[in-house]
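Some notes on the structure that comes next.
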Amino acid sequence: MKVKPGRPVEQFIAEIDTVLQRLHNIPKINQHKKDKEINTVSYDNLEYAIQSSQSQNIQINNIIKKKNYNRLIKRLKYKLKLTNTILRKSDKSKVFHLGKSEDYRKKSDKYMAKTQAYKCLGINDPLPDLIKRTNKYLLELRLAKWITQKQYEKLCINPNELELAHLYYLPKAHKPGTPLRPIISGLKHPTVKISKFLDKLLRPLFDKMASKTSVTSGFELLKQLLEWSKINLHQETIFCTMDVTDLYTMVPQTEGVLSLKKMMDYFKLKQIGGLSIETIIRLSRFVMQNNYFSYNGQYYHQIRGGAMGSPLTLTIANCYMFFYEQQIIKQINNSGGLYFRYIDDIFIAINWPTRHLFKQIDRWNHL
């Protein structure tokens with residue numbers, strides 16, 4: 001893109017003109033002043049005038065840019081709507097992806113059919129009933145003394161502040177065929193208070209429990225790999241990365257909640273944050289069983305797994321995977337290998353023949 005050579009010069013002249021006007025406090029038509037008057041202007045005044053001028057010009061430029069951006073956004077929205085195109089930020093990257101609405105619909109239908117995780121409710125909005133059930137359930141827990149009055153007031157919901165969650169997809173542009181990652185956005189969902197409350201209690205426990213087999217960054221993984229490679233790296237060493245397919249929707253709800261109990265048994269805990277283990281299980285089960293959302297003019301109930309976007313879902317999925325992978329970790333460690341996982345991404349370094357590794361992966365898929 002070329003820039004017209006005259007424009008920067010014109011802008012510079014305009015800025016100088018503004019500086020002179022501010023500096024001498026004179027209109028454009030009366031610019032002829034005596035040299036003596038000009039020379040009496042101090043350096044501080046000149047610096048202040050330049051800064052003020054620059055500030056004014058920046059503000060003007062920002063206003064112009066804002067108007068241009070607003071105009072550009074309106075044109076972009078019109079073109080996207082006209083061509084049935086969806087603009088999305090791609091999954092796990094900072095780039096944007098353009099896709100046809102029809103392609104999104106087909107991939108969404110295929111995903112829902114494959115996972116069997118969602119039940120379509122048609123056009124009947126489940127929000128009013130869900131609000132009533134949530135507050136009723138919390139009141140029942142309070143009356144039965146499963147939770148305190150303070151906890152009840154903290155978790156109770158205001159109907160006027162709530163919205164049903166909605167489903168959208170992020171394209172995985174880094175993968176063949178550009179599959180979609182489902183995100184259920186429920187910042188004002190009726191169960192989000194309970195979800196955040198439980199996750200705050202439980203996630204630190206998981207982080208502690210899985211500290212030797214999980215990583216949270218590439219730097220951390222490289223550090224562990226460097227240490228391991230000092231005595232274990234050989235010519236036949238295999239580096240293997242794997243992905244857990246549809247983790248959030250494939251975790252069974254009952255077993256997922258029970259994995260939380262396993263974690264608390266692992267630490268021999270009787271209560272956390274003033275809540276008994278049974279209360280935590282009850283609240284977790286309620287959250288997992290009440291994921292409702294809207295998508296494309298229809299309402300859905302998630303009957304398998306948890307909502308990707310719900311704080312508690314991540315902790316439940318991590319706990320479920322932790323106990324699922326223990327047999328795999330033991331096998332890898334007994335062979336002098338290295339195993340780490342970050343949510344649904346797995347890294348293995350092992351000194352096995354390739355054929356043997358593939359055979360073991362197939363066996364792990366059927367555990």
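Results for (1) modelled with pLDDT of 95 or more; (2) over 21 Å from the mean Cα position of the chain (by Cα); (3) polar (S, T, N, Q), shown as yes or no for each residue.
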site: 294; (1), (2), (3): yes, no, yes
site: 298; (1), (2), (3): yes, yes, yes
site: 309; (1), (2), (3): no, no, no
site: 336; (1), (2), (3): yes, yes, no
site: 342; (1), (2), (3): yes, no, no
site: 358; (1), (2), (3): yes, yes, no
In the stretch 234-254, anything over 30 Å from residue 287 (Cα atoms) and either buried (at least 16 other Cβ atoms within 10 Å of the Cβ) or in contact (Cβ under 8 Å) with a residue 24 or more places away in the chain (or both) is listed as 234, 236, 237, 238, 239, 240, 241
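Could you identify the single residue in 63, 86, 131 that is modelled with pLDDT under 85 and aliphatic (A, V, I, L, M)? Give the derivation first.
Numbers: 86 fails: modelled with pLDDT under 85; 131 fails: modelled with pLDDT under 85.
From the options 63, 86, 131, the qualifying one is 63.
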inquiry  = Can you confirm whether residue 337 is on the phi > 0 side of the Ramachandran plot and of a type outside the set (Phe, Trp, Tyr)?
reply    = no
Selection from the stretch 235-259 of residues farther than 21 Å from residue 117 by Cβ and of a type in the set (S, T, N, Q) yields 235, 237, 241
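Give, as residue ranges, the helices (runs of 4 or more DSSP H) completely inside the stretch 61-173 that count at least 2 residues that are farther than 30 Å from residue 245 by Cβ.
On the way: elements: 101-115, 127-143, 149-155.
Answer list for the stretch 61-173: 127-143, 149-155.
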So, residue 105, is that one more than 20 Å from residue 171 (Cβ to Cβ), out of contact with any strand residue (DSSP E or B) (no Cβ under 6 Å at 6 or more places or on another chain), surrounded by 10 or more Cβ atoms within 10 Å (Cβ to Cβ) and modelled with pLDDT of 60 or more or not? no
Hey, residue 207 closer than 17 Å to residue 345 by Cα, within 23 Å of the chain's Cα centre (by Cα), assigned to a helix (DSSP H, G or I) and modelled with pLDDT of 95 or more or not | yes
Condition (residue is free of Cβ contacts under 8 Å to residues at least 12 places away in the same chain and either surrounded by fewer than 20 Cβ atoms within 10 Å (Cβ to Cβ) or farther than 28 Å from residue 128 by Cβ (or both)) applied to the stretch 336-357: is it met by at least one residue? yes
Flagged pairs (Cβ under 6 angstrom, 6 or more apart or on separate chains; first in the stretch 183-208, under 16 Å from residue 155 (Cα atoms) and assigned by TED's automatic domain parsing to the domain that holds residue 248; second at pLDDT 95 or above and among the charged types (D, E, K, R)) are 188/163
Note on the stretch 196-207: residues farther than 12 Å from residue 319 by Cβ and among the basic types (Lys, Arg) are 196, 200
Among strands (runs of 3 or more DSSP E) entirely inside the stretch 222-305, those with 3 or more residues being out of contact with any helix residue (DSSP H, G or I) (no Cβ under 8 Å at 6 or more places or on another chain) are 238-243, 298-302
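Being assigned by TED's automatic domain parsing to the domain that holds residue 220 and within 15 Å of residue 259 (Cβ to Cβ) is true for just one of 347, 323, 340, 358. Which residue is that? Before the answer, list the steps.
On the way: 347 fails: within 15 Å of residue 259 (Cβ to Cβ); 340 fails: within 15 Å of residue 259 (Cβ to Cβ); 358 fails: within 15 Å of residue 259 (Cβ to Cβ).
Only one candidate passes the filter, namely 323.
Restricting attention to the stretch 80-92, which residues are closer than 14 Å to residue 179 by Cβ and among the polar types (S, T, N, Q)? Steps first, please.
Taking the stretch 80-92 as the starting set, the residues that turn out to be closer than 14 Å to residue 179 by Cβ are 88, 90-92.
Within the stretch 80-92, just 90 meets the criteria.
The values are calculated or read from the model by the stated rules, or taken from the named source; none is laboratory data. Predicted, not measured: the structure shown is a model, and the values here were computed from it. Neighbour counts are summed over all protein chains in view; Cβ atoms, including those assigned to glycine, are modelled from backbone coordinates with ideal geometry.
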